[in-house]
1. Within the group VAL82, VAL47, which residue is on the phi < 0 side of the Ramachandran plot and touching a residue at least 60 places away in the same chain (Cβ under 8 Å)?
2. Restricting to segment 117-146, count the residues that are surrounded by fewer than 21 Cβ atoms within 10 Å (Cβ to Cβ), over 28 Å from THR69 (Cβ atoms) and in contact with a Ser or Thr (Cβ under 9 Å, 6 or more places away or on another chain).
3. Tally time: how many residues in segment 95-147 are free of Cβ contacts under 8 Å to residues at least 40 places away in the same chain, under 17 Å from the mean Cα position of the chain (by Cα) and part of a loop (DSSP other than H, G, I, E, B)?
4. Name the residue that is farthest from the chain's Cα centre (by Cα), counting only residues in segment 17-63 that are basic (Lys, Arg) and surrounded by 15 or more Cβ atoms within 10 Å (Cβ to Cβ).
5. Looking at (1) modelled with pLDDT of 90 or more; (2) among the aliphatic types (A, V, I, L, M); (3) farther than 17 Å from HIS53 by Cβ, which one does LEU144 not meet, given that it meets all the others?
6. Of all residues in segment 24-43, which are under 17 Å from ALA142 (Cβ atoms) and assigned to a loop (DSSP other than H, G, I, E, B)?
7. Exactly one condition in (1) farther than 30 Å from GLN7 by Cα; (2) at pLDDT 95 or above is not met by GLY106; state its number.
8. Kindly provide the set of residues from segment 4-23 that are farther than 22 Å from MET136 by Cα, in contact (Cβ under 8 Å) with a residue 24 or more places away in the chain and part of a loop (DSSP other than H, G, I, E, B), ordered by number.
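The values are calculated or read from the model by the stated rules, or taken from the named source; none is laboratory data. Keep in mind that this is a model prediction, so the values were computed, not measured. Positions of Cβ are backbone-derived with ideal geometry, glycine not excepted, and every protein chain shown enters the neighbour counts.
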Amino acid sequence: MATHLGQAIADHVTLESVSGINGGFGDERRGWTRVLPNGQSFGENFVVPAKRHLVITDLDWQYDNHGTTHANRTVTLRLLIVAGDPSDVHAARRLLESSITLSAAGTGGTVTSWTSGGVFGPGTRIGIDTSPLQAMGGLQHALLHGYLIGPGSILDDILPSRNLAVSARLK
């Protein structure tokens, strides 16, 4: 059965950000666990399955400064593609961003939707950080919504040849 997005229900993905996870990104080792339709979580740290691509369409997040020190400041949450070592924050590439302005009480949250979505490739992880204020202690929650595509998607045909062409130019 397909949903309003034309995707099978089993291919829909909801991910919840969790800190201190094995293979998580950055100093806080922030990773993602998959939330199943029955409310249970699945897996320790979500990695896009082999021969699949993850399309992220929505982000729900909340930030609380726990005081008024940074009242009315803008905070940007960034989602990053992590293809290698998740502890190497410099190897990650920015894919999607969402910004909020904190209230006078130092809190804020939003749901951001991307019409085109952001695509994470097979074997990649999702990195997350906030700027200019750090995520540690301030990021209250982050949820991602999207769906898996492939195998056999057009990306399977495009990306390998494109990567080979780039490698050839670098030699």
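1. Values: VAL82 fails: touching a residue at least 60 places away in the same chain (Cβ under 8 Å).
Result: VAL47 is the single residue among VAL82, VAL47 that is on the phi < 0 side of the Ramachandran plot and touching a residue at least 60 places away in the same chain (Cβ under 8 Å).
2. 3
3. So the answer is 1.
4. Filtering segment 17-63 for residues basic (Lys, Arg) gives 29-30, 34, 51-52.
Next, from what is left, pick out any that are surrounded by 15 or more Cβ atoms within 10 Å (Cβ to Cβ): 29-30, 34, 52.
Numbers: ARG29: 14, ARG30: 10, ARG34: 12, ARG52: 16 Å.
Here the answer is ARG52.
5. (3)
6. Filtering segment 24-43 down to residues under 17 Å from ALA142 (Cβ atoms) leaves 24-35, 41, 43.
GLY24, GLY26, ASP27, GLU28, ARG29, GLY43, listed by residue number.
7. If we test GLY106 against (1) farther than 30 Å from GLN7 by Cα; (2) at pLDDT 95 or above, just (2) comes out false.
8. Matches in segment 4-23: LEU5, GLN7.
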